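So the structure is just underneath, and the comments pick up after that.
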Amino acid sequence: MDITEQKADSATVLQFSGRLDGTNSAATDTKLADAVSRNPALVLDFAALDYISSAGLRVLLKAAKQAQTAKQKLLLAGLQPSVKQVFEISGFSTLFATFPNRDAALASLK
Amino acid sequence: MLTCAEELLLLAHDEQSGQFANLQDLLMNTALAGAVLMDLALLNRVDTDLHSLIVLDRSPTGEKVLDFALNAIGTLPAKTKTIDALDVLRRQGNELEQQVIARLIEHGILKEQEGRFLWVFETRRYPLIDGKELREVKRRIADLLLSDEIPDPRDIVIIALAQSCGLLNRVFSESELRSAQDRIDQIAKMDLIGQAMTDMMVELNAALTKLLPYG
């Protein structure tokens, strides 16, 4: 899985592509924790994220908790139907503000 | 730090009798199976999605009960249905239970007392040594359920387990439980192994009901 970081006017965007699962969750955890600590507003762009497992959900949960504690914003954008289904069944959709795409997420921060 | 399986058994422990609630029960064995799978998931030995469980790493964890479980599910394909892994472990429920009790004794949380009932029947009790760990688990659950805080992965697991076995009434009164029910449901479903475990319990309950006369 690849994560690329891009700066936008109102936030930093992390673009995920590939699969987020137990084979890369530890590395993603480290990268995400660092990004949350450096950015008051972060958008996770999942438009190219094909798959998320329990291990991936745990990584996002920890990031959400870190952002909540630091009173920072963590938004999700562009969830594909299969990822969206996991979020809905697991109730993770209630933990995050989600947007159809990154532009909508960034606009909400202005 | 205690494992999820150890915390589950602690919650099931009855301080007055020194025994465990419903330990021989089919559902408790399923919950113990769920607990060890959740422990393995937290150690990144297994991963799950909505349908499958994938064994990522078969190397020993250093925890006897978890290595026993890892070995037991080693008979299944590396990618299998979560419910099949639960079923394999559920059938080892008594062994899991004995190993977890032994660990709680090794941790100095329980002690083992042999006795006799009516001077004839041998009995075994497991009194708590000081109850600190049980109080800590109960406090963690109560703090989380009474707040809007985002839970951490271990908290989700213990709430999913306690909810599935009806053990939350050891933390809350009936009325407190009713008012926290939405929050309990919200947190419990965040663990996909917990969801598979709950589905299995529903199926087992339905099968048992069919077997009972007038069921």
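The values are calculated or read from the model by the stated rules, or taken from the named source; none is laboratory data. Remember, it's a predicted structure, so these values are computed and weren't measured experimentally. Reconstructed Cβ throughout: ideal geometry from the backbone, glycine too, with neighbour counts over all protein chains shown.
Observations
So that you can scan it fast, the table gives a plain yes or no per residue for (1) among the polar types (S, T, N, Q); (2) touching a helix residue (DSSP H, G or I) at 6+ places or on another chain (Cβ under 8 Å):
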residue: A:LYS7; (1), (2): no, no
residue: A:SER17; (1), (2): yes, no
residue: A:THR28; (1), (2): yes, yes
residue: A:SER82; (1), (2): yes, no
residue: A:SER93; (1), (2): yes, yes
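- Subset of segment B:130-182 (residues that are of a type in the set (Val, Ile, Thr), more than 14 Å from the chain's Cα centre (by Cα) and under 18 Å from A:GLY91 (Cα atoms)): B:ILE150
- Of the residues screened, B:ASN169 is not one that is surrounded by fewer than 15 Cβ atoms within 10 Å (Cβ to Cβ), in a helix (DSSP H, G or I) and either of a type in the set (D, E, K, R) or in contact (Cβ under 8 Å) with a residue 60 or more places away in the chain (or both).
- Count - residues of segment B:43-56 that are farther than 13 Å from B:ILE73 by Cβ and more than 8 Å from chain A (Cβ to nearest Cβ): 2
- Of the strands (runs of 3 or more DSSP E) contained entirely in segment A:21-110, those carrying at least 1 residues that are surrounded by 17 or more Cβ atoms within 10 Å (Cβ to Cβ), touching a Lys or Arg at 6+ places or on another chain (Cβ under 8 Å) and within 10 Å of chain B (Cβ to nearest Cβ) fall at A:41-52.
- Residues that are surrounded by 15 or more Cβ atoms within 10 Å (Cβ to Cβ) and either among the basic types (Lys, Arg) or more than 14 Å from B:MET38 (Cα to Cα) (or both) within segment B:53-67 comprise just one, B:ASP57.
- Residue-level check: of (1) at pLDDT 95 or above; (2) among the polar types (S, T, N, Q); (3) closer than 24 Å to B:GLN19 by Cα, B:ASN71 misses just (3).
- Residue check: B:MET190 meets all listed conditions (1) part of a helix (DSSP H, G or I); (2) within 14 Å of another protein chain (Cβ to nearest Cβ); (3) within 30 Å of B:ASN71 (Cβ to Cβ) but one, namely (1).
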